[in-house]
1. Out of all the residues in the range 45-63, is one or more touching a Leu at 6+ places or on another chain (Cβ under 8 Å), touching a residue at least 24 places away in the same chain (Cβ under 8 Å) and loosely packed, with under 14 Cβ neighbours inside 10 Å?
2. Could you please tell me which pairs satisfy a Cβ distance under 6 Å, a separation of 6+ or placement on different chains, a first residue in the range 16-30 that is closer than 15 Å to residue 43 by Cα, and a second residue that is exposed (fewer than 13 other Cβ atoms within 10 Å of the Cβ)?
3. Which condition breaks for residue 59 when tested against (1) at pLDDT 85 or above; (2) not in a loop (DSSP other than H, G, I, E, B)?
4. Could you identify the single residue in 23, 85, 93 that is exposed (fewer than 10 other Cβ atoms within 10 Å of the Cβ), among the polar types (S, T, N, Q) and modelled with pLDDT of 90 or more?
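The values are calculated or read from the model by the stated rules, or taken from the named source; none is laboratory data. If you're wondering where the values come from, they're calculated on a predicted model, not measured in any experiment. For neighbour counting, all protein chains shown are included, and Cβ atoms are generated from backbone atoms with ideal geometry for every residue, glycine included.
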Amino acid sequence: MAILIEGMEMPKEDEEIIIRIDSFGTVMTEYALPIVGVKAVPVQPHGRLIDADALYSYIKDEQRKCNYPCDGWSECQVALGFVNSAPTVISASEEG
């Protein structure tokens, strides 16, 4: 099992941040003051993580390049269905 700390960035070079995390996912300073807008969430065991939106766009672009007419059950359509139905391990960030 792993954790993701949402809303927090890595410290800059030559900087460190000491935090505490409670069992509710509250992230606090070393002095036990909650950090607003930051939460720790569990990440279930997983395989390789990819950008599914980028893969979907790539398949759509390849489908547009087809030299033959694609029907509703083309290989591209099946692949797009698999991408759309894949489980989400970590939700998309606001940045994209």
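1. No.
2. 25/41
3. Looking at each condition in turn, residue 59 falls short on (1).
4. Details: 85 fails: modelled with pLDDT of 90 or more; 93 fails: modelled with pLDDT of 90 or more.
Only one candidate passes the filter, namely 23.
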